[in-house]
1. On full extension of the chain, what length is gained from Leu53 through Tyr125, given 0.36 nm per residue of separation minus the C-alpha to C-alpha distance?
2. Based on DSSP H runs of at least 4 residues, each adding -39500 (n - 2.57), what is the mean residue ellipticity at 222 nm of the chain after dividing by all its residues, to the nearest 500 deg cm²/dmol?
3. Among the lysines, select those whose C-alpha is under 30 Å from the C-alpha of Lys48, and discard any that sit fewer than 8 residues away in the same chain.
4. Counting Lys and Arg as +1 and Asp and Glu as -1, each charge on the Cβ, what is the dipole of the stretch 81-132 about the Cα centre in debye, to the nearest 20?
5. For the stretch 1-111, with the dipole built from +1 on Lys and Arg beta-carbon atoms and -1 on Asp and Glu ones, taken about the Cα centre, which of Val11, Ala21, Ala106 lies farthest toward the positive end?
6. Please give the helix 3-26 orientation as an angle from the longest Cα principal axis of the chain, in degrees from 0 to 90, rounded to the nearest 10.
7. If I take R0 = 30 Å and measure r between the Cβ atoms of Leu33 and Ala3 in this structure, what FRET efficiency does the formula 1/(1 + (r/R0)^6) give, to the nearest 0.05?
8. Only four residue types carry charge here, +1 at the Cβ of Lys and Arg and -1 at the Cβ of Asp and Glu. Report the dipole size of the chain about the Cα centre in Debye, rounded to the nearest 20.
Amino acid sequence: MSAGVVLGVAVCALCAAVLGAALKRGGKEHALLLSTAAAVVILVFVLKSAAPLVEQLAGLVPAGSLSGLCLTVMLKAAGLTILGQLAAHLCRDGGETALAYGVELAAKAAVLTAALPLLTRLLEYLGEIVKL
């Protein structure tokens with residue numbers, strides 16, 4: 001990701017923040033909708049910019065091995081965590097702290113679920129080592 005991408009994200013965020021502050025005077029709901037829309041646009045922009053990085057990481061790992069599974073789990077966990085944090089922050093901005101906690105809890109459970117295949121594979125390898 002280049003400095004131009006970071007600059008574009010920063011400008012978009014600042015514009016949304018200034019416009020959101022002006023909208024809060026009229027109604028908090030409109031400001032929350034603006035924040036959500038800006039966050040989604042920024043997230044999509046960052047994901048598009050990070051695609052070459054993911055492809056390069058995938059090329060470094062041989063397919064079908066435990067390290068390939070590690071990369072898959074790591075990328076899923078990162079994506080779930082980012083999405084969960086974004087949603088939780090938006091809920092907090094809307095004044096819904098309990099909903100934010102629920103989103104964070106769901107994201108943590110999803111990360112643990114995504115890691116289960118890796119844990120299973122590790123336990124299989126440990127079983128094979130113990131049998132030797």
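1. 22.9 nm
2. -33000 deg cm²/dmol
3. Of all the lysines, those that pass the test against Lys48 - Cα under 30 Å, at least 8 places apart if same chain - are Lys76, Lys108.
4. Once rounded to the nearest 20, the dipole reads 140 debye.
5. So the residue furthest toward the plus end is Ala21.
6. The helix 3-26 is inclined about 50 degrees to the chain.
7. Plugging the Cβ-Cβ distance into 1/(1 + (r/R0)^6) gives 0.50.
8. Its charge dipole is roughly 180 debye.
The values are calculated or read from the model by the stated rules, or taken from the named source; none is laboratory data. Since this is a predicted model, take the numbers as computed values, not measurements. Backbone-built Cβ (ideal geometry, glycine too); neighbour counts: all protein chains shown. To get the accessible areas, we keep the full protein, side chains included, count just its heavy atoms, and leave off ligands, DNA and RNA. Shrake-Rupley method; radii C 1.70, N 1.55, O 1.52, S 1.80 Å.
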